[in-house]
Amino acid sequence: MIKKIISLLVLTAFYTSSFSQEKKDILFTVNEEPTYTSEFVNVFNRNLDLVVDDTQKNVEGYLPLFIDYKLKIKEAYSQELDKKEEYINEFAKYQDQLSKKYIYDNRVTSELIREGYDRGLEEIYANHVLILINDNASPEDTLVAYNKIKAVYEKAKKGEDFVTLVKKYSEEPGAKKTGGDLGYFSAFQMVYPFETAAYNTKVGEISEIVRTTFGYHIIKVNDKRAKQPKINVSHIMIFSNKNQKVENPEERINELYAMIMQGESFESIAKQFSEDKGTGVKGGEIKTFGMGDLKAPLFEKAAYSIKEEGEILKPIESSFGWHIIRLNKRNSIPSFEESKQEIEKKVTGGARAKIITQSVNDKIIKKYGYKEGTSYSPFFNTYLTDSIFKKTWVLTPISSEDNTTLFTIGEKEITYSDFAKYISERQKLSKRYTLMDNMLRDYYKEFKNKEIINYYEEALEEENQEYASIINEYRNGLLVFDVMNENIWKVAKEDSIGLIKYYENTKSNYNWKKRVDVDILSATDEKFASKAKSLLEAGTEIPEIKEQLNVDGKVNVIITTGIFEIDQSELPQGFEAIKGISKTYKRDSSSIVVNVKEVLEPSTKEYEDVKGNVLSNYQTYVEKKWMESLRGKYIVKINKKALKRVKKELDK
């Protein structure tokens, strides 16, 4: 998310290395710090299609935007935002992701992608026994846990009922009730070692003992089947917030379903009545999904239960509200090439990434060289105190005599002091350890991998101009985001007094259009619209109208009550805001009569009604004032000759 915001802030500004450029190439300076013409030309060409304002689609109009961008970067460094821990961590994450693309082990990655695709073609139904054991458990405790699972494994292999064994021996919470039943699962839905063991086990057989972060498992594979393909559905939704509505949600969804069963168009009903406005405007269509994609199990299960394309399911309730679901299309399983990009993201971002990391580290070591030094264990076992287990250990200086080299990567020596500093920071976010040896083993492995990658990233920025360009773009974009957040967005949000004052000074900009307090009666045809109109004219109450017209299980009229601006979609096209009972309007196949109870003339909106808009506008106001202060703080000098050359090149 943050990366998307940064891209918008810098308009995908692309940094071109300024090594060896001469003074004549300088376009402008900010406090004597140069920006070169080549950088501006690249940025201008890349962003021209993103610029909305036509006056900024030439050099004269775009240059002020670019100078403002540079001023923000300058101010970010002035405020030392590049030294903040949050910035350092965020930048390090991106740097790590980007650098991997330049030294990935494509063979290992490709094999894991292929494996993920092939496994994903199949779903496994299994039960399992779990014996809990932490990663940091002592060897003695680990052996006890292993012996437990081994005993259960031997019983299972001899043919004892697996579910009975689960209920008797498994330490998984709720195992006595569930029998270790995992249902059907596929690739990337279980931890990788567990997944691998399950896929390597035949139906009806018991897996070998497998160790995961949870403990020791044995798995009974009950069934394997082809994975269900993704589906496309449309839905009509009514939210379940009963206390905030005039209409009862369940009653409303049943009315809509009845209208569809009576022949009304699904799309028309979705557009007119669905409260999921994002899909409603598209006739209710939802983006194609697979089981588990929506994180809405009740909805997904219902959608997948529909057998025939075009079939409409009776209303069901999910955790979000009430739905009518129609199956539009059941897709085929995508090919490997179609799935490759999505699977690669999962492979490089999940547990499989450890395999790739090890492969990458091996390549870095091979390229730059690596040499082990003195072991960490003897010194650090006595140097650290038990306070490390409480995450309160305080770093103390290591004498020059003791500060030995742990290892050397390339030309860089890593010492005991470097490791000690890492431990001091690492303990804050550490999982709970009880044994010093286990903790040091894990910390050292992490530290060694981190230092190998760090060395590679530092060398890469010197060696690879493309990488240097991209990483600098992100570095600057992140700083711009942070400086805007600190000086504009956060300031405006927290300045409640200034915000209200700004509203009072500008409230003429926040006005209601003409509004109407209405009952909208939407009938299936003109006959029922005419009856509804007659009943309204006779003074019949709304509930009574519904009762008289919706008979024998048929919904002939549906009623919406509320206050709407005259151009809102709930009101029919061409609607006239006149108090009383309207003429009959047509909308698709519906006939609509509107009972206008009150006409509300345009008025100023109260602060609470427009707080979000006021905040957005106030932020724009604060930014304008802030930019004026930056232009006064920093001296910008433009090289007019260079600017003339740039205009000649770009303004064609």
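The values are calculated or read from the model by the stated rules, or taken from the named source; none is laboratory data. Just so we're clear, the structure is a prediction, and the values are computed from it rather than from any experiment. With ideal geometry, Cβ positions are generated from the backbone for all residues, glycine too; neighbour counts draw on all protein chains shown. Side chains included, ligands, DNA and RNA excluded: accessible areas come from the protein's heavy atoms. Shrake-Rupley method; radii C 1.70, N 1.55, O 1.52, S 1.80 Å.
Miscellaneous remarks
- Helices (runs of 4 or more DSSP H) enclosed by the range 123-180 - at least 3 residues per element that are at pLDDT 95 or above and over 40 Å from the mean Cα position of the chain (by Cα): 139-157, 162-169
- Among the residues of the range 192-218, the one identified as touching a residue at least 40 places away in the same chain (Cβ under 8 Å) and on the phi > 0 side of the Ramachandran plot is G215.
- With respect to the conditions (1) among the small types (G, A, S); (2) modelled with pLDDT of 95 or more; (3) within 19 Å of D135 (Cβ to Cβ), A420 falls short on a single one, namely (3).
- Test for K72: is it at pLDDT 90 or above, over 30 Å from K363 (Cα atoms) and within 25 Å of the chain's Cα centre (by Cα): no
- Looking only at residues of the range 323-341 that are of a type in the set (G, A, S) and within 26 Å of the chain's Cα centre (by Cα), we find that the one that is surrounded by the most Cβ atoms within 10 Å (Cβ to Cβ) is S339.
- Flag if F28 is within 26 Å of N454 (Cβ to Cβ) and either open to solvent by 20 Å² or more (accessible area, probe 1.4 Å) or modelled with pLDDT of 90 or more (or both): no
- Residue within the range 32-50 that is farther than 14 Å from L643 by Cβ, of a type in the set (A, V, I, L, M), out of contact with any strand residue (DSSP E or B) (no Cβ under 6 Å at 6 or more places or on another chain) and in contact (Cβ under 8 Å) with a residue 60 or more places away in the chain present: no
- Output for the range 561-594, where each listed residue is among the polar types (S, T, N, Q) and open to solvent by 30 Å² or more (accessible area, probe 1.4 Å): T561, Q568, S569, Q573, T584, S589
- Residue list for the range 220-277, filter: outside any helix (DSSP H, G or I), open to solvent by 40 Å² or more (accessible area, probe 1.4 Å) and aliphatic (A, V, I, L, M): A226, V246
- Residue match in the range 431-442 (condition: in a loop (DSSP other than H, G, I, E, B), open to solvent by less than 80 Å² (accessible area, probe 1.4 Å), in contact (Cβ under 8 Å) with a residue 40 or more places away in the chain and not polar (S, T, N, Q)): yes
- Scanning the range 291-304 finds one or more residues that are in contact (Cβ under 8 Å) with a residue 60 or more places away in the chain, open to solvent by 20 Å² or more (accessible area, probe 1.4 Å), farther than 15 Å from G321 by Cβ and hydrophobic (A, V, I, L, M, F, W, C).
- Qualifying residue in the range 183-198 (condition: at pLDDT 95 or above, among the aliphatic types (A, V, I, L, M), open to solvent by less than 50 Å² (accessible area, probe 1.4 Å) and touching a Lys or Arg at 6+ places or on another chain (Cβ under 8 Å)): no
- Looking across the range 302-340, just one residue is at pLDDT below 90 and either of a type in the set (F, W, Y) or not in a loop (DSSP other than H, G, I, E, B) (or both), and that is F320.
- Pairs where the first residue, in the range 337-356, is touching a residue at least 60 places away in the same chain (Cβ under 8 Å) and the second is hydroxyl-bearing (S, T, Y) and part of a helix (DSSP H, G or I), C-beta under 6 Å, 6+ apart: S339/Y117; I343/Y117; A351/Y192; R352/Y192; I356/T109
- Looking at Y455, Y503, just one residue is over 30 Å from F66 (Cα atoms), among the aromatic types (F, W, Y), touching a strand residue (DSSP E or B) at 6+ places or on another chain (Cβ under 7 Å) and assigned to a helix (DSSP H, G or I), and that residue is Y455.
- Every pair of residues 6+ apart whose Cβ atoms lie under 7 Å, when the first sits in the range 376-393 and is closer than 20 Å to K448 by Cα and part of a helix (DSSP H, G or I) while the second is open to solvent by less than 80 Å² (accessible area, probe 1.4 Å) and among the β-branched types (V, I, T): none
- Count - residues of the range 42-67 that are loosely packed, with under 15 Cβ neighbours inside 10 Å and not in a loop (DSSP other than H, G, I, E, B): 10
- Test: residue in the range 510-529 that is of a type in the set (A, V, I, L, M, F, W, C), outside any loop (DSSP other than H, G, I, E, B) and loosely packed, with under 14 Cβ neighbours inside 10 Å: no
- Filter result (farther than 30 Å from V30 by Cβ, in a helix (DSSP H, G or I) and among the β-branched types (V, I, T)) within the range 68-114: V108, T109, I113
- At least 3 residues being in contact with a helix residue (DSSP H, G or I) (Cβ under 9 Å, 6 or more places away or on another chain) and more than 30 Å from N254 (Cα to Cα) is the threshold, and among the helices (runs of 4 or more DSSP H) wholly inside the range 541-652 those reaching it are 611-633, 640-650.
- Selected residue (only one of E33, E75 is open to solvent by 60 Å² or more (accessible area, probe 1.4 Å) and charged (D, E, K, R)): E33
- Taken over the range 443-455, the residue count meeting the criterion of being in contact (Cβ under 8 Å) with a residue 40 or more places away in the chain and under 18 Å from A137 (Cα atoms) is 1.
- Taken together, the residues in the range 381-407 that are of a type in the set (V, I, T), over 18 Å from Y433 (Cβ atoms) and crowded, with 17+ Cβ neighbours inside 10 Å amount to 1.
- Verdict on G180 being in contact with a strand residue (DSSP E or B) (Cβ under 8 Å, 6 or more places away or on another chain), open to solvent by less than 60 Å² (accessible area, probe 1.4 Å) and farther than 30 Å from I325 by Cα: yes
- Restricting the range 198-219 to residues that are farther than 30 Å from R330 by Cα and either part of a strand (DSSP E or B) or among the basic types (K, R) (or both), the residue that is farthest from the chain's Cα centre (by Cα): I206
- Look at (1) at pLDDT 90 or above; (2) surrounded by fewer than 14 Cβ atoms within 10 Å (Cβ to Cβ) and you find that K93 fails only one, number (1).
- The residue pairs whose first member lies in the range 143-170 and is closer than 18 Å to I133 by Cβ and open to solvent by 80 Å² or more (accessible area, probe 1.4 Å), whose second member is part of a helix (DSSP H, G or I) and not aliphatic (A, V, I, L, M), and whose beta carbons are closer than 8 Å, counting only pairs six or more residues apart or on different chains, are K148/Y169.
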